[in-house]
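Input: a single structure, listed below in structure tokens.
All of the numbers you see were taken from the coordinates with simple rules; none came from a lab. All figures in this text were calculated on a predicted structure; none of them were measured in a lab. Please note: Cβ atoms are built from the backbone with ideal geometry, for glycine as well, and neighbour counts cover all protein chains shown.
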Amino acid sequence: MSLEEDDLKAQLIKTMVSLHSRGLMTGVGGNASVRIEGSDEVLITPSGLYKPELKPEDIVKIDMEGNVIEGIFKPSMEWYFHTAIYRRRRDVNSVIHTHSPYTTGMALAGKKIEPITLEAAVMLADVPILNFRYPGTKELGEIVGENILGHRAVILQNHGVVAVGYDLIEAITTIEVLEEISKMAFVAHFFGGAKLIPPDQIELIKKLYKI
Ligand SMILES: [Zn+2]
């Protein structure tokens with residue numbers, strides 16, 4: 001195992017600890033993976049184990065068909081959508097799945113993300129909400145793989161969030177921003193509704209950032 005793989009495993013564990021400590025997932029309710037850059041091999045969190053207490057040797061290495069290349073545990077049951085994303089998006093090297101309560105809760109109520117902040121208006125303006133599919137199935141994997149094209153994240157109805165990035169930092173940032181926006185929208189809704197960024201300002205921002 002190369003030093004680079006050691007680093008990736010350490011980053012995966014750090015990500016799980018960070019997400020768990022902030023209530024974005026329970027100890028058994030989320031998962032994450034990284035593609036070993038330039039290869040068709042993926043390091044993924046194991047199924048069933050308590051994620052904040054993972055050790056480097058618990059991380060599983062799989063190929064794009066979910067076959068275990070290295071590791072003693074089963075890969076996360078959601079390996080289907082992790083590999084479905086990597087097969088379709090060569091620009092993605094990291095996938096994170098959480099059960100973020102505010103983001104998932106807003107979607108449960110049918111609330112789309114509105115342009116309440118710069119990130120909401122530009123980065124996450126059109127996050128798809130996918131109809132419920134049973135977790136851990138190939139069907140869910142294929143639907144996530146198809147719908148992630150052109151997006152940083154998708155929301156799984158009655159379940160949680162899947163975010164992607166060039167690396168783990170980019171993916172975790174999307175999870176964080178989505179939850180931040182959802183909390184803001186929730187508070188605003190409680191007090192009578194959110195003021196949105198005016199459309200002409202959004203156009204200006206898009207021009208400024210060349211989006
Ligand atoms: Zn889940």
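Under unit Cβ charges (Lys, Arg +1; Asp, Glu -1), what dipole magnitude, rounded to 20 debye, does the chain have relative to its Cα centre?
Numbers: 22 positive and 28 negative charges, 143 e Å.
Here the size comes out at about 680 debye.
With Cα atoms as the point set, the chain shows a radius of gyration and Dmax of 17.3, 55 Å. Ellipsoid fit via the Cα gyration tensor, region 104-190: semi-axes of 21, 16, 10 Å, each the root of five times an eigenvalue, largest first.
Using 29 Å as the Cα-Cα cut-off, could you pick out the over-long pairs in LYS9/LYS138; LYS138/LYS210; LYS112/LYS138; LYS14/LYS183; LYS14/LYS61; LYS61/LYS183? Don't skip to the answer; put the middle values down first.
Values: LYS9/LYS138 25 Å; LYS138/LYS210 37 Å; LYS112/LYS138 26 Å; LYS14/LYS183 24 Å; LYS14/LYS61 17 Å; LYS61/LYS183 35 Å.
Pairs exceeding 29 Å: LYS138/LYS210; LYS61/LYS183.
Our estimate of slack between GLU57 and SER21, defined as 0.36 nm per intervening residue step minus the Cα-Cα distance, is 10.8 nm. Think of the chain as a dipole: +1 on every Lys or Arg Cβ, -1 on every Asp or Glu Cβ, centred on the Cα centre; then among TYR80, LEU54, HIS20, HIS20 lies furthest on the positive end. Taking amide hydrogens as placed 1.01 Å from N in the peptide plane, the amide H of SER94 sits under 5 Å from those of ARG35, GLY165, each at least 5 positions away in sequence or on another chain.
Helix screen, the chain: DSSP H segments with Cα axial length of 30 Å or more and mean Kyte-Doolittle hydropathy at least -0.5 are 168-190.
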